[in-house]
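Below you'll find the structure, written out as structure tokens, and then a few comments.
The values are calculated or read from the model by the stated rules, or taken from the named source; none is laboratory data. As the structure is a prediction and not an experimental result, all values here were calculated from the model. We place every Cβ from the backbone using ideal geometry, glycine too, and count neighbours over all the protein chains shown. These accessible areas exclude ligands, DNA and RNA; they are computed on the full protein's heavy atoms, side chains included. Shrake-Rupley method; radii C 1.70, N 1.55, O 1.52, S 1.80 Å.
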Amino acid sequence: MNKPDNKPFDPAIKSALTALLYQLADDDFILAYRGSEWLGLAPHIEEDVAFSSISQDTMGHAAMFYQLLEDLGEGNIDSLAHGREASERKNAVLLEMVNGPGHYLSTAQYDWAFAVVRNYFYVQAKKVRMDSLKNSSYQPLADVALKVNMELYYHLLHWKTWFVQLMQAGGEARPRMEAAIKKVLGDFEGVLTLGPLGNEIAEHGLIEAEERLKQRWLFMMEPVFESVNLSVSESVFAMKNGNGRKGEHTADLDAALSTLSEVYNVDPAASW
Amino acid sequence: MSGVISYQEWTEEQKYEQFIKRIEAGEKIEADDWMPEDYRLTLIKLISMHGISEIMGALPEKEWVPKAPSLKRKLGIMAKVQDEMGHGQLLLRVAEDLMKPLGKTREDIMQDLFSGRLKFHNVFHMEAPTWGDAGLIGWLVDGAAIITQTNMLNASYGPYARALKRICAEEVFHAQHGEAIIMALAEGTDEQRAMVQDAVNRWWEALLMFFGPGDATTTGTSKQDTTIKYKIRTKTNEELRQDFFTKYIPRVLSLGLTVPDETMQFDQQQNLWVYKQPDWNKFKDIIKNNGPKSKERLGLRQTAYDTNEWVRDALNTAN
Ligand SMILES: [Fe+2]
Ligand SMILES: [Fe+2]
């Protein structure tokens, strides 16, 4: 499976592989978009600089995953990123949810607790995936995972620091954080699932099985939860707003797509 | 030792003379050095305005960060706007050190911004309604900023000079990023070309205003004399504006674009560009936060500041 150009793919492997790649690419793309809406609105200027650097890295990761899809003949990276309908998108619904009430240009009242929890939980899940992908049977993906992983160390540390700090702070912080945790876990199953082709994806050695990855996420998070006096049971993991891996999405995604592809759609054939 | 009095015993005049001698000799003044009060106040005003302009300057481009038309452009503009926030951060730290003896902090800078006491550059009060504007900001606004900031690279105040050195290096990339967007549009479809020309027309007057009035007779006050006296800058506003024309008019024309000023021409005898003055009353009004987007952008900042109050409280209790 190392050289997609030379060897024709077993169609079953190829559909499992592309299913996985769409999840990886769409997850990072939409979360980086949500991050870019935060620009200039973070709690302080230092955080604005750090958060926008993370969003930029994340957008870069999305571009690398879209590139792997382009290499497999799925279309060019810009049409993959900008030209697909919501129903074709495979990102987890959690990642498409708006940052909070208001518009990113005028009345934004974004929820920092939600930003911290969503990003922290997601980045840890992404880290677990990248660690597993380093041994992927598809070498080009293993190579990309290695590159992505180098930047994740810093992302994870960043969000973990915020998470612990806000969980341990007095005042309004704790209840706000707990509300955000409840909201995030209510759709976190949607992040952890490998979708309808999950079994095939694991069988072909593209990544380890969903359940193993999930247990590893819990294993990584439990000491942190304990340190801030939080108990999380996996029974609360759900997909309250749908399974994005099946193309189920919310109106939040439609609105996001029309914004992020507004200029692209002026003339998709033009060079920008 | 007799005959030598220690620095603590110097009179204010002696300290002032020594200070002038140092800057005349090209020495750098550092944060903890003695400095005349009007030097300190001029620097605080200049640097906090510069810093806050970098931060407010992220807002017109912010609109185009999520909307950039390709992954490459999305990454490019994300990097650019991140740099601008970084410049803001760097400069506010320089300003904070200068404000310390006055008992003021970053909180005061933010409150002064919201109340209108602290102004930000006229260009960041303007609308940026198309992707063409996103390109133009990088190309010509950052291009203009390079010209004014290069003029202060040898500023007598060391911390500012060093910050500017780093900033200018990044600004060069911003101008290249902007130019690349503009070139793609200028070489593109009719619709794309129209987008650039509209942006040039829309921004021209604001770009001329960016360098500030020629002298105090235009707007009543001008800080340029003080900043030149104290070797914070070398060239006058008008000299900088002329440098901008010399650098950019040929480039604008070579892309097949025009500038919206029929009187614009280079006068060989005077060795000067002749041009139509912008409306300086409008300029005064814009920087008083009466520009087309002033209220909306300040409102966005203020709302974010208020919404995040609980986070700042949490950080304070954690410390
Ligand atoms: Fe800048
Ligand atoms: Fe810049």
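Relative to 2.2 N^0.38 Å, what does the C-alpha radius of gyration of chain A come to as a ratio? Two decimals please. The reported ratio for this selection is 0.99.
Averaging the Cα positions of each part gives two centres, and for the range A:196-259 and the range A:109-168 these lie 13 Å apart.
With 40 Å² as the minimum drop in accessible area between chain alone and full protein complex (1.4 Å probe), the qualifying residues in the range A:92-119 are A:Tyr104, A:Leu105, A:Ser106.
Counting only Cβ charges, +1 for Lys and Arg and -1 for Asp and Glu, the dipole size of chain B around its Cα centre is about 360 debye. Of the GluC sites (Glu not before Pro) found in the range A:24-132, those in coil by DSSP whose Cβ has at most 11 other Cβ atoms within 10 Å are A:Glu85. Between A:Thr161 and A:Glu203, what FRET efficiency comes out of the Förster formula 1/(1 + (r/R0)^6) with R0 = 51 Å and r the beta carbon distance, rounded to 0.05? The formula returns an efficiency of 0.85 here. Compared with its chain on its own, the range A:24-51 contains the following residues whose accessible area drops by 30 Å² or more in the full protein assembly (probe 1.4 Å; ligands, DNA and RNA excluded): A:Ser36, A:Leu39, A:Gly40, A:Leu41, A:Pro43, A:Ile45, A:Glu46, A:Val49. Working from label points 7 Å from Cα in the Cα-to-Cβ sense, the B:Ile20 to B:Arg93 distance is 3.5 nm. The calculated P(r) of the range B:26-318, using every Cα pair and 5 Å bins from 0, goes 1, 5, 11, 15, 18, 18, 14, 9, 5, 2, 1, 0, 0, 0 in percent. Sorting A:Ser233, A:Ser87, A:Ser132 on solvent-accessible area from highest to lowest, probe radius 1.4 Å, gives A:Ser87, A:Ser233, A:Ser132. An ellipsoid equivalent to the protein assembly as shown, defined through the eigenvalues of its Cα gyration tensor, has semi-axes of 48, 31, 20 Å when rounded to whole angstrom and sorted largest first.
Each Lys and Arg adds +1 at its Cβ and each Asp and Glu adds -1 at its Cβ; summed about the Cα centre, the range A:11-266 shows a dipole of about 500 debye.
When the Cα gyration tensor is reduced to axis lengths a ≥ b ≥ c, the ratio a/c is 1.5 or higher for the range A:171-272, and with a/b not above b/c it is classed as oblate. Placing pseudo-labels 7 Å out from each Cα toward the beta carbon at B:Thr317 and A:Tyr154 gives an inter-label distance of 3.2 nm.
Remark: C-alpha extents of the range A:8-119 on the principal axes read 52, 25, 23 Å, sorted largest to smallest. Please report the carbon-and-sulfur percent of the accessible area for the range A:11-266; probe 1.4 Å, protein heavy atoms only, DNA, RNA and ligands left out. So the carbon and sulfur contribution to the accessible surface is 52 percent.
Keeping all protein chains in place, calculate the accessible area per residue for the protein assembly as shown (probe 1.4 angstrom), answer in Å². If you can, show how the numbers build up before the last one.
Numbers: 24610 Å² over 591 residues.
Result: 42 Å² per residue.
As a test of the definition: with a 1.4 Å probe, what buried accessible area, both sides summed, do you compute for A against B, in Å² to the nearest 100? Could the numbers behind the result be given before it?
Values: alone 12610 and 16430 Å², together 24610 Å².
When A and B are taken together, about 4400 Å² of accessible area is lost.
Of the peptides A:123-129, B:284-290, the order by per-residue mean of other Cβ atoms within 10 Å, starting with the highest, comes out as A:123-129, B:284-290.
Placing pseudo-labels 7 Å out from each Cα toward the beta carbon at B:Lys165 and A:Ser258 gives an inter-label distance of 5.1 nm. Potential lengthening of the chain between B:Lys72 and B:Gln176 amounts to 36.0 nm, from the contour at 0.36 nm per residue minus the alpha-carbon distance.
What is the magnitude of the charge dipole of the protein assembly as shown about its Cα centre, with +1 placed on the Cβ of each Lys and Arg, -1 on the Cβ of each Asp and Glu, and no other charges, expressed in debye to the nearest 20? Before the final figure, lay out the partial values.
On the way: 64 positive and 84 negative charges, 111 e Å.
Approximately 540 debye in magnitude.
Once the Cβ-Cβ distance of B:Lys28 and A:Ala12 is raised to the sixth power relative to R0 = 60 Å, the FRET efficiency obtained is 0.30.
Shown for the range B:147-301: the carbon plus sulfur share of the solvent-accessible area, taken with all protein chains present and a 1.4 angstrom probe, equals 52%. The length gained by stretching the chain between B:Trp273 and B:Asp112 to full extension, at 0.36 nm per residue less their Cα-Cα distance, is 54.2 nm.
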